[in-house]
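Worksheet: the structure to be examined is printed underneath.
The values are calculated or read from the model by the stated rules, or taken from the named source; none is laboratory data. None of the values given here were measured: they were computed from a predicted structure. Here Cβ is always computed from backbone atoms with ideal geometry, including for glycine, and neighbour counts include all displayed protein chains.
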Amino acid sequence: MKPAPFEYHRPGTTDEAVTLLAEHGWEAKLLAGGQSLIPAMNFRLAQPGVLIDLNNVEELAYIRDGDVGLHIGAMTRQRSAERSELVAARAPLVHEALPFVAHPQIRSRGTIGGSIAHADPASELPAVTLALEARFRLRSPRGARSVSADEFFTGLFGTALESDELLAEIEIPPPADGAGWGFAEISRRHGDYGLAGLAAAVQLDGDGKCSKARLALLSVGDGPVLATSAAETLLGAEPSEEAIRAAANAAAHRDIDPPSDIHASAAYRRRLVEVLTRRVLPRAFDRARGVDLKPITHEA
Amino acid sequence: MTIDGEYTFRAPRETVWELLQDPDVLVKALPGAKKLERIGEDRFDGIMRVGVGPVTAAEWSVNVQLKDLVPPESYAMQMEGKSPLGFTRGTGTVTLVAEDEATTRMHYHGDVQLGGKIAGVGQRLLDQVAKLLARQGLEALNREVEARLAR
Amino acid sequence: MNRSYVGQSVPRNEDRRLLTGQALFVDDVQLEGMLHVAFLRSDHAHALIRGVDVSAALARPGVAAVYTAEDLGDYWRPGPLLVPPPPVEGLTFNEATQVPLAKEKVFHVGEPIALVVAESRYVAEDALADILVDFEPLGAVVDPEAALAPDAPILHTQFGTNLAAHVVQGHGDYEQAKAEADLVISRRFLYDRGAACALENRAVAARWDPKAEELTVWDTTQAPIPIRNGLARMLGLLESQVHVVAPFVGGGFGPKIMMFYPEEVLIPWVAMKLGQPVKWTEDRQENFYATTQERGQVHDAEIAVTQDGRILGVRDFFLHDTGAYDSYGLTVPINSQCTLLGPYSVPSYHSEFKAVFTNKITVTPVRGAGRQHGVFVMERLLDLAARALGMDPAEIRRRNYLGNEAFPYNHQIIFQDFSPLFYDSGDYLPALETALETIGYDSFREEQRRMREAGRHIGVGVVSYIEGTGIGPYEGARVTIDPSGRVRVATGLGTQGQGHYTAFAQVVAEVLDVDVEQVHVTTGDTREFGWGTGTFASRGAVVAGSACHAAAQAVREKILAMAGRVLEAVEEQIELSDGHVRVRGAPERSLSLGELARMANPLRGAVKPGTEPGLEATAYFGPDRGSTASGVHAMIVEVDPETAMVEIKRYVVVHDCGRLINPMIVEGQVQGGVAQGIGNAFYEKLIFDDSGQLLNASFMDYLLPTALDVPRVEMAHRETPAPMNPLGLKGVGEAGCIPTGAAFAQAVEDALPEYGLEILEIPLSPNRLFSLLEDAHDH
Ligand SMILES: Cc1cc2nc3c(=O)[nH]c(=O)nc-3n(C[C@H](O)[C@H](O)[C@H](O)COP(=O)(O)OP(=O)(O)OC[C@H]3O[C@@H](n4cnc5c(N)ncnc54)[C@H](O)[C@@H]3O)c2cc1C
């Protein structure tokens, strides 16, 4: 379990990093927290010829509040974001989901940007950012562009990143009036990738009717999956128990085509999605009504 | 692992058939194919470098043998691949149905076995990877088909 | 004796070194000019090798050598049979042992085919990709039942069958018992494979010193002395020319006593061949393919009971998956066969097993070593019988325990140590009552009802087990008073975290009345002590501990005799305490043990005929048979029937390992064992596909429970002294993991009575529990 030989660079700025990236193209890999890349290299599943280490690029690690929402630099450690009061206040769904990402030791190294760029279908942050309609700022020597989460995730480990592009920043819109949220997942052990998980962002209008519902599921497709027909059953209706039951059914049976693997059959995953939806949505709508509750714990 | 699916090409069945037998076309269509040459009447040797997310490393040397050819309707194939990460072996069948003069529906079925290290670390994603590669391959093939027809 | 150490939770002597990173592990061995080895392992489970081309690897810069089976010449030989079959009448045993490198055929994924020696492990691994092997794949045998099908591919063609062994044992007349029974329950039980997953993987380093003509081998083995002896034999050296060191080892759990692993045979050979030191450290991925595993068995078992729940007899037929080779003989299935009987009176028993070869990694003992299978089958049968009789599960156990008057009890079958299965002693009922009290069994039903009303499902499980421990043949120890006044103890065992440096020190300190910290223990160094077998079968404390005790007694006698001479007093007047000898009533006539030791090794004068220099003694202990530890485990679980997730809320162990040397160490053993048992019950399973490929060969997919998934075990000790050794010790090494699966199954069923579940398999993943619940729902 030793990696194949590679060339190593440690730039100090984003500009230097993208210049190197442009020079080496797909041969190069950016190294962020290394919590996904290094194991893949040690298994020799990944053999990048060039490694561009971002750990010296301090300008990519920050959490700032702004007009359009919260700005999180890609190299922000997951653990820093988890402990940030700003994140807790301005992006409470991110705050709620982060403890489900691996273990504290791994979150101390793993970065927000690395998790999103890696786009593992079982990862929490891609689902969360998709539910929150986050935007991603991508940088290359050609300039910068901003891409919505809907466009960014393109399938299995697939993203909109070009070979010379780096994910620089995650931008999360602030919670609107009447917004509610909830996150839960079922995993084998504490800290494992979930067998299934749900990040929900909802909104109630003045009449208590659901005006928005973005339910992003993890581990049930080739990337984060938006449960759109489940959302449709909720829109315009009061989120009654029956409505939530219908949404849970739609999520489990219409919105996904989950894989079967050694840990969970497709049928089991559908069941988990159904249960998670039934358990997460009441909490999300309670929050939308201003009734806050403790986050759903691992015992979900 | 079993892969099953269908794909519709907007092209006559003969055109699709021809392309499916042409290594120069397949090398462009198969995900990660770097080289593909005909080494016998229905045998091909090639090199593929499959890239899915973090898995970018392995170069696979592959050997494909076509069998039971019924032009332009169907054929079977036997495939073997080797890399430092392990091996893969599989059999498959491809059936082409002419929906109409200009539309061909392809049915494909494959049984693929994976062995060695790759079998031991890839299970969580195997299903998804197979689906992805099949889709990528077919979409690329479709682009070739369309390019051919546009000429 | 003024001070008592045996029975005290003294802090461990070894922990300072371990916790400050000062302990030597094999991978820490760095020698000038050292080369590194990587193995090319088979990708196929069953295949012919048509050719191996290593030319490209040899040409790679930094590569020193590449070897295949051909290059080994006469050194290529199948390994020894570690444990011959026991003397059971009518037994069949087909012997097939592992080879250093596969020559014509591979029998499991991961079997080594070639090895690369290079300037670094990195280069060695790069070169593996250069080697081309031409395989001709063969059909694989994976399922143990399919192994005996008439059309199954045959692994070892010389036998014409995949049958590795067939053994029938029993006593009494089961058919008669069945005829008389009020109730007969028969079921099929499955117990699947897991890995031991020691924290430290295996490693071997070797150096040949041509001037001293001496081979030094550092090895993570549990049995350094047999490794030395075997290497000397294979390499044509004297045992004195081979020095084996098993330094600190990060966990053994059984697989580190498989002798000989190919790597253990090859690394010393390479060091001699190249004249350079060589090291190989197994990585975690290799560990899944190259280190032996355990646990695959299929039981068809039946119990016959009376209306009031008394056992009349048990019949069991089982298949034992031995993997590609059966080098460790029949220890595991014999343990299953014997341990099934548990703490119960079983008037008639018929047990028959077939061991079968499969294209999977070789099976050798892993902590528990087959015992958990027997316990699972018996405890489940009792649960099912209790359910059918409308009896409380605790009650049916109560009614069947052997009474204290029964000991020593002879089950009239042969145990793994080749002697009849004798229980030396035991006191079962009080352990059950303590466990029930501790877990609050009586009030639990009320609690369960209350939780039920709140929509929550909790359940309790209570099971019993016995553990045959402390078997022979022998261990030895040497105790020496160092001129510094400290005490040196050396034994031949290997140590893998059991606290030997403390437990043995306690035994010796108590006899010699010195501080425990003043006793320096050495294990696992063949130069320090050259006789012994190894650390296995929960025998270290019992057998080596008793040897330490005997050697310390002998030294004590020497001390008293010499002190009598030197201090001019009769022996009976000499007092030994606090590291000094004194004449009773004349405290000024006193000497420290160090002074006495120096006098015992004079430079002038004469050592009297019939005496020996030094204050030193060596003693051996070889029990005729083992001692029987026992216990009760109880657990409370909460099950979420919607998600099929199970949480273990409480775990109680009442354990009886005879007299305790160090309760803290015993508790650590039990807690660790329970963690492994929980892994076995709910998380860990090696998954092989139909072609023999291992599908979860990493900690990403092979789920070891972590500290977060294992509750803190509540423990109570009972001490029924073993009559077979002077200290009354019984082993504890495996106790924690033996009955966990059975307790888990009972508790999960208890939490969901409306489903009428029968959990007949271990491990039980949530995915599997989900489908069992679905099936129950459909019916
Ligand atoms: C035991 C364990 C358990 C885990 N469990 C979970 C879990 O439950 N949930 C979960 O989500 N994750 C889990 N992870 C993964 C972990 O969260 C990783 O930290 C994360 O997936 C990747 O972040 P990283 O900073 O470590 O990125 P790296 O591993 O350094 O990089 C990952 C990939 O992203 C690319 N990349 C990194 N940064 C950028 C950037 N700024 N721009 C463009 N590309 C970039 C890299 O080139 C690489 O391809 C686990 C990891 C381990 C070891």
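At-a-glance table
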read-out	value
Of all residues in the range A:8-47 being near the ligand (Cβ under 9 Å from one of its atoms), of a type in the set (A, V, I, L, M) and part of a loop (DSSP other than H, G, I, E, B), the one that is nearest to A:A117 (Cα to Cα)	A:A32
Every residue from the range C:80-127 that is out of contact with any strand residue (DSSP E or B) (no Cβ under 6 Å at 6 or more places or on another chain) and within 14 Å of chain A (Cβ to nearest Cβ)	C:E119, C:Y122, C:V123, C:D126
Test for A:L70: is it more than 13 Å from the ligand (Cβ to nearest atom) and surrounded by 17 or more Cβ atoms within 10 Å (Cβ to Cβ)	yes
Enumerated strands (runs of 3 or more DSSP E) restricted to the range C:129-233, each holding at least 2 residues that are under 30 Å from C:V249 (Cβ atoms)	C:203-209, C:214-219
Considering residues of the range C:284-320 that are part of a loop (DSSP other than H, G, I, E, B) and in contact with an Asp or Glu (Cβ under 9 Å, 6 or more places away or on another chain) only, the residue nearest to C:R41 (Cα to Cα)	C:T291
Any chance C:G440 is surrounded by 13 or more Cβ atoms within 10 Å (Cβ to Cβ), modelled with pLDDT of 95 or more, at positive phi and not polar (S, T, N, Q)	yes
Options B:G86, B:G81, B:G46: the member that is at pLDDT 90 or above, touching a helix residue (DSSP H, G or I) at 6+ places or on another chain (Cβ under 8 Å) and within 14 Å of another protein chain (Cβ to nearest Cβ)	B:G86
Breaking point among (1) over 22 Å from A:G158 (Cβ atoms); (2) surrounded by fewer than 23 Cβ atoms within 10 Å (Cβ to Cβ); (3) within 13 Å of the ligand (Cβ to nearest atom); (4) not hydroxyl-bearing (S, T, Y), for A:D120	(1)
Conditions (1) buried (at least 24 other Cβ atoms within 10 Å of the Cβ); (2) closer than 30 Å to C:P393 by Cα; (3) of a type outside the set (D, E, K, R); number of the one not met by C:A355	(2)
Filter pass, A:L51 being within 12 Å of the ligand (Cβ to nearest atom), over 21 Å from A:P104 (Cα atoms) and more than 12 Å from chain B (Cβ to nearest Cβ)	yes
Given (1) within 30 Å of B:D111 (Cβ to Cβ); (2) part of a helix (DSSP H, G or I), index of the condition C:Q746 fails	(1)
Selected residue [assigned to a strand (DSSP E or B) and outside the structural domain of C:L729 (by TED's automatic domain parsing)] from C:A552, C:A490, C:A509	C:A490
The lone exception for A:V101 - which of (1) under 24 Å from A:R287 (Cα atoms); (2) more than 9 Å from the ligand (Cβ to nearest atom); (3) touching an Asp or Glu at 6+ places or on another chain (Cβ under 6 Å) it fails	(2)
Qualifying residue in the range A:108-115 (condition: away from the ligand (no atom under 14 Å from the Cβ), within 16 Å of the chain's Cα centre (by Cα) and either modelled with pLDDT of 95 or more or on the phi < 0 side of the Ramachandran plot (or both))	no
Considering residues of the range A:123-141 that are in contact (Cβ under 8 Å) with a residue 40 or more places away in the chain and not hydrophobic (A, V, I, L, M, F, W, C) only, the residue surrounded by the fewest Cβ atoms within 10 Å (Cβ to Cβ)	A:P141
Any hit, the range A:226-248, residues being free of Cβ contacts under 8 Å to residues at least 60 places away in the same chain and within 14 Å of another protein chain (Cβ to nearest Cβ)	yes
Pair list, Cβ < 6 Å and 6+ apart or interchain, from the range A:92-106 residues that are within 14 Å of another protein chain (Cβ to nearest Cβ) to residues that are at pLDDT 95 or above and more than 7 Å from the ligand (Cβ to nearest atom)	A:F100/A:E185
Any hit, the range A:73-81, residues being under 25 Å from C:S698 (Cα atoms), more than 14 Å from every other protein chain (Cβ to nearest Cβ) and touching a residue at least 40 places away in the same chain (Cβ under 8 Å)	yes
Options A:G191, A:G206; residue that is farther than 30 Å from A:G25 by Cα, touching a residue at least 40 places away in the same chain (Cβ under 8 Å) and away from chain B (no Cβ under 14 Å)	A:G191
Selected residue (criterion: farthest from the ligand (Cβ to nearest atom)) from residues of the range A:123-173 that are of a type in the set (S, T, Y) and within 14 Å of chain B (Cβ to nearest Cβ)	A:T154
Residues of the range C:660-699 classified as touching a residue at least 40 places away in the same chain (Cβ under 8 Å), within 14 Å of chain B (Cβ to nearest Cβ) and away from the ligand (no atom under 16 Å from the Cβ), total	9
Filter result for C:V332 (over 30 Å from C:M259 (Cβ atoms) and buried (at least 24 other Cβ atoms within 10 Å of the Cβ))	no
C:G736 being crowded, with 20+ Cβ neighbours inside 10 Å, modelled with pLDDT under 95, part of a helix (DSSP H, G or I) and small (G, A, S)	yes
One residue from A:A144, A:A88, A:A122, A:A117 being assigned to a helix (DSSP H, G or I), of a type in the set (A, V, I, L, M) and closer than 20 Å to A:A32 by Cβ	A:A117
Yes/no for A:G180 being away from the ligand (no atom under 12 Å from the Cβ) and of a type in the set (G, A, S)	yes
Residues satisfying the stated conditions in the range B:106-123, i.e. crowded, with 16+ Cβ neighbours inside 10 Å and away from chain C (no Cβ under 14 Å)	B:M106, B:Y108, B:G110
Selection from the range B:53-82 of residues that are crowded, with 21+ Cβ neighbours inside 10 Å, of a type outside the set (A, V, I, L, M, F, W, C) and in contact with a Lys or Arg (Cβ under 9 Å, 6 or more places away or on another chain)	B:G81
